[in-house]
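Q: Quick one: the structure is below, and I'll ask about it shortly.
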Amino acid sequence: MATLTEPTPAIELSKDEILRYSRHLIIPEVGVDGQKKLKAARVLCIGAGGLGAPVGLYLAAAGVGTLGMVDFDTVDFTNLQRQVIHGTSDVGRPKLESAQATLSEINPNVRLVPHPVRLSSENALEIFRDYDLVVDGTDNFPTRYLVNDACVLTGVPNVYASIFRFEGQASVLALSGGPCYRCWYPEPPPPGLVPSCAEGGVLGVLPGIMGTIQAMEAIKLILGIGTPLKNRVLLFDALQLRFRELKLRQNPDCPVCGAHPTIRELIDYQEFCGIRGEAAEPEPPAGDEVTPRELQAWRQRGRPVFVLDVREPHEVQIAAIPDTTLIPLGELPRRLNELQPDRETVVYCRSGQRSARAVRHLRQAGFTKVWNLKGGILAWADEVDPSLPRY
Amino acid sequence: MVMAVTVHIPTALRAYTDRRESVETEGGSVGEVLQQLTAAHPPLRPHLFTPDGRLRSFVNIYLNDEDIRYTGRESTPVKPGDSLSIVPAVAGGR
């Protein structure tokens, strides 16, 4: 296959680099020419998180010459369980600063290009044009579709992976005539239906496995060796330790990469994904929510309000509000008979998103006095009981 | 003739199949298998089908390694020993 970059005469390896990369140089498929291709390559990693961490670490170690990273977030304690590019002393620091410090220690020969911005329809094309390859390690559907469309429009291949709990997906998309993400999933799920890692959790090793697969595919594409993960999707199930492969076809009717594309420029991806404004979830109408302080005051005044926990049993082990009843959201439809439709009920979860869905469901089922606990148990820990652990 | 087919359930939907990773079910076509599956596990139904009974666009169904969109959708015939995979869109990465 054609390679993404060709070593220019200007690219040379120093004596130090020859020593550093010697285990590459003695592989016939890599050699000095391959290592020069890596040095000439410009890879953009979207996100310096769970997937971005192993991608960044291994591509820097491998000697990719230019490594861009897009992230606007700061390091948080909850990141450290999987984002191994950051350490405990980095908490509170911008992720790109922390990532750069780690990567320049691993390999000072790499030119690191930070893009400390939120990737958007306004900046994506301009950023992507300076790179040979994009590695997608984002965590939400609007950015997934934005990265996909920007890759198709700029002709930059997209090394894709996505994770949830114990499962991962990976593919090489938008590679010279191959399928794109929209060929596979023409439309995103409505907001709130598919839980995010923050809501659903992820085992920390999983992004390590999927991210290193992305790094391997990126290096193969740069070197032009082997068979890329194109026209197929790799599914990984960590619990069964099973890899499966599915066929992925280019959809001739694909709105962005098909024969007659209708999307010729970047669109509003928040709107496309059904998300409006800043909030990730549509706000329920006023009067549907109570704050933790209000609930506490109701209880202190002896109001007989029933408090329903719609989280999963393992979350209750971490922290729970006292005197509450657990029915996980997924079991709620078939366990409505355990609840009283005319009783005052406050529903809570971790951050208030799942419970908002439970409130909507209960109202549709005829419950009239139902409120969502605003901000969930996290807000309860902030406002009422700071001794509760946050997660 | 009735055929036994293994349906692989993704992590995100196992809450609706009593945590089972795969479910043995029967049917002569992909559509029949999915009907059997959702009849046995009714809470799964709204995650796979719209209220008017169409497969949701963000859930891909594979018969073995083929996307059923390219093999006749729900009328795709199934054989004993086939495996059907439900592959929903997943966005996590950070």
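No lab work stands behind these numbers, since they all come straight from the coordinates. Only a predicted model underlies this, so the values are computations on that prediction, with no experimental measurement involved. Quick reminder, even Gly has a Cβ in these numbers, built from the backbone with ideal geometry, and neighbours come from all protein chains shown.
Q: Where is the GNM fluctuation largest for chain A (alpha-carbon springs, 10 angstrom cutoff): A:GLY226, A:GLY352, A:GLY52?
A: Between A:GLY226, A:GLY352, A:GLY52, it is A:GLY226 that shows the largest mean-square fluctuation.
Q: Continuing with this model, one more query. Compute the angle between helix A:141-154 and the longest alpha-carbon principal axis of chain A, please, reported from 0 to 90 degrees and rounded to the nearest 10.
A: The angle comes out near 20 degrees.
Q: For region B:4-88, with only Lys/Arg (+1) and Asp/Glu (-1) charged at the beta-carbon, what is the dipole magnitude about the Cα centre, in debye rounded to 20?
A: That gives a dipole near 280 debye.
Q: Now for a separate question. Taking each residue of A:159-168 in turn, how many C-beta atoms of other protein chains fall within 10 Å of its C-beta, and what is the average?
A: Neighbouring Cβ atoms belonging to other protein chains average 4 per residue here.
Q: Next question, about the same structure. What is the Cα radius of gyration of chain B over 2.2 N^0.38 Å, N being its residue count?
A: Relative to the 2.2 N^0.38 Å estimate, chain B comes out at 1.02.
Q: Nearest 10 degrees is fine. How inclined is helix A:95-106 to the longest principal axis of chain A, computing both from alpha carbons?
A: It works out to around 40 degrees.
Q: Using θ = phi - 60° and the Karplus curve 6.51 cos²θ - 1.76 cosθ + 1.60, what whole-Hz ³J(HN,Hα) does each residue of region B:13-18 get, with Gly and Pro shown as x?
A: Going residue by residue, I get 10, 5, 4, 9, 10, 6 Hz, with x marking Gly and Pro.
Q: Another one. Considering lysine pairs in chain A that are 8 or more places apart or on different chains, how many have Cα atoms under 22 Å apart?
A: Lysine pairs meeting both conditions in chain A amount to 10.
Q: Next question. Let me know the charge dipole size of region A:289-383 about its Cα centre in debye, to the nearest 20, where only the beta-carbon of Lys, Arg (+1) and Asp, Glu (-1) is charged.
A: In debye, rounded to 20, region A:289-383 gives about 260.
Q: On to the next question. Answer with one residue from A:HIS260, A:VAL75, A:VAL43: the one whose Cα lies farthest towards the positive end of the charge dipole of region A:15-272, charges on Cβ with Lys, Arg +1 and Asp, Glu -1.
A: With unit charges placed on the Cβ atoms, the residue in question is A:VAL43.
Q: Once you charge only the Cβ atoms, +1 for Lys and Arg and -1 for Asp and Glu, what is the size of the charge dipole of chain A about its Cα centre, to the nearest 20 debye?
A: The calculation lands at about 700 debye.
Q: Okay, moving on. Run the paramagnetic zone check for A:GLU29: 7 angstrom along Cα to Cβ, then residues of region A:229-249 with backbone nitrogen under 16 Å.
A: So the set is A:229-230.
Q: On a 0 to 90 degree scale, rounded to 10, what angle separates helix A:31-40 from the longest Cα axis of chain A?
A: The helix A:31-40 is inclined about 50 degrees to chain A.
Q: Taking every pair of distinct Cα atoms and averaging 1/r, then inverting, what Kirkwood hydrodynamic radius in Å comes out for the protein assembly as shown?
A: One decimal place: 24.2 Å for the Kirkwood radius.
Q: Still on this structure, please answer the following. Any idea which of A:GLY375, B:ALA4, A:PHE141 is furthest toward the positive side of the dipole for the protein assembly as shown, if Lys and Arg beta-carbons carry +1 and Asp and Glu beta-carbons -1?
A: About the Cα centre, the residue reaching furthest to the positive side is B:ALA4.
Q: Just A:ILE377, A:ILE318, A:ILE127 to compare: in a GNM of chain A, with alpha carbon springs under 10 Å, which one fluctuates most?
A: Largest GNM mean-square fluctuation: A:ILE318.
Q: Right, next: Restricting to the protein assembly as shown, compute how many DSSP beta bridges are antiparallel as a %, nearest 5.
A: If we restrict to bridges inside the protein assembly as shown, about 50 percent are antiparallel.
Q: Rg over Rh of region A:289-383, using C-alpha atoms and the Kirkwood radius, what does it come to?
A: Rounded to two decimals, Rg over Rh is 0.93.
Q: Only helical DSSP H runs with n ≥ 4 go in: add -39500 (n - 2.57) per run for the protein assembly as shown, normalise by residue count and round the 222 nm mean residue ellipticity to 500 deg cm²/dmol.
A: It lands at -8000 deg cm²/dmol.
Q: Grab the beta carbon distance between A:GLN250 and A:GLN300, set R0 = 56 Å, and tell me the FRET efficiency rounded to 0.05.
A: The formula returns an efficiency of 0.35 here.
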